[in-house]
Amino acid sequence: MSHTYIFEQIELILKKLAEDPGNSTLFNDLGAGYYLLGEYEKAVSAHLKCLELDPGNTKALYNLANAYSETGQFRKAIALYLEVLEKEPDHIPALNNIADCYEKEGESDKAEELFHYLTRLNPENAVSHFNLGNFLLRQNRHIEAAKAYQASVEAESSFTDAYFNLAWILHRVKAHEKALEYARIGLKFNPEHPDLLKLLSEIRNQIG
């Protein structure tokens, strides 16, 4: 989705709001557009207006939390994600984003607990294992991260980014042959994956 297209949609929404200023859905859509452009303060304002008109709008609560998170207001974001979960207890993205916020706030123990909980909540969800792997990788716990990525590709065999991360970890610990194997599997599913192509070249150079 190009910036030009998003700008055009925002202009269209603003025109509609001029005719229908009490339309909460339009304000939520406006906030989503600003968010995609990286204009997070404007996104916050639009979502707040949506919630002023429709306080129970779960989508707007979630979107506002995302915008607060992007502006570094993690406590506000967490509070809103919790409101979302009160309304929709199975809202997995809200749980995952709370974990992200805890990590960014320096509360790694709480973040890890939530990332692990998400994998137990839905063991077949490849993204939950992938997110746990990313957290562990950021903590420099490479072996544990690799296990999480392995669980991710077992849940979804075509998860190319998980193959990349597995190959990257193995390449870093000089297990080049195994890294090459995972890189090739990932490229089988996405032959144009730029990071995997670059990594494959690096691995081959190491092997000689």
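Cα extents for the range 70-113 along the principal axes, largest to smallest and rounded to whole angstrom: 27, 23, 12.
For ALA183, what charge total do you get from the other residues with a beta carbon under 15 Å from its beta carbon, if Lys and Arg give +1 and Asp and Glu give -1?
Working: positive: ARG172, LYS174, LYS178, ARG184, LYS188, LYS198, ARG204; negative: ASP161, GLU177, GLU181, GLU192, ASP195, GLU202.
So the surrounding residues net to +1.
Placing +1 on the Cβ of every Lys and Arg and -1 on the Cβ of every Asp and Glu, with no other charges, gives the range 1-89 a dipole of roughly 160 debye about its Cα centre.
Here TYR5, TYR62 are placed in order of increasing Cβ neighbour count within 10 Å, fewest first, which gives TYR5, TYR62. Counting Lys +1, Arg +1, Asp -1, Glu -1, what net charge surrounds THR25 among other residues with beta carbon under 12 Å of its beta carbon? Once positives and negatives cancel, what remains is 0.
Shape class for the range 1-89: oblate, because the ratio a/c of the largest to smallest gyration tensor axis (alpha-carbon atoms, square roots of eigenvalues) is 1.5 or more and b/c is at least a/b. Dividing the helix sum by the residues of the chain, where each DSSP H run of 4 or more adds -39500 (n - 2.57), gives a mean residue ellipticity at 222 nm of -25500 deg cm²/dmol.
By the count of neighbouring beta-carbon atoms within 10 Å, fewest first, PHE7, PHE27, PHE189 end up ordered PHE7, PHE189, PHE27.
Shape analysis of the range 118-208 places it in the oblate category; the axes a ≥ b ≥ c from the Cα gyration tensor give an a/c of at least 1.5, with a/b not above b/c. In the chain, the inverse of the mean reciprocal separation of distinct Cα atoms equals 19.1 Å; this is its Kirkwood hydrodynamic radius. Counting only Cβ charges, +1 for Lys and Arg and -1 for Asp and Glu, the dipole size of the range 36-177 around its Cα centre is about 320 debye.
Each label was represented as a point 7 Å from its Cα along the Cα-to-Cβ direction; for THR71 and LYS178 these points are 4.6 nm apart. The ranking of HIS129, HIS116, HIS171 from fewest to most other beta carbons within 10 Å of each one's beta carbon is HIS116, HIS171, HIS129. Sequence-distant contacts, meaning Cα pairs under 8 Å at least 6 residues apart, place the relative contact order of the chain at 9 percent.
Computed from the coordinates by the stated procedures, all read-outs in this text should not be read as laboratory data. Quantities reported herein were computed from a predicted structural model and do not represent experimental measurements. Methodologically, a virtual Cβ is constructed for each residue, glycine included, from the backbone with ideal geometry; neighbour enumeration extends over all protein chains shown.
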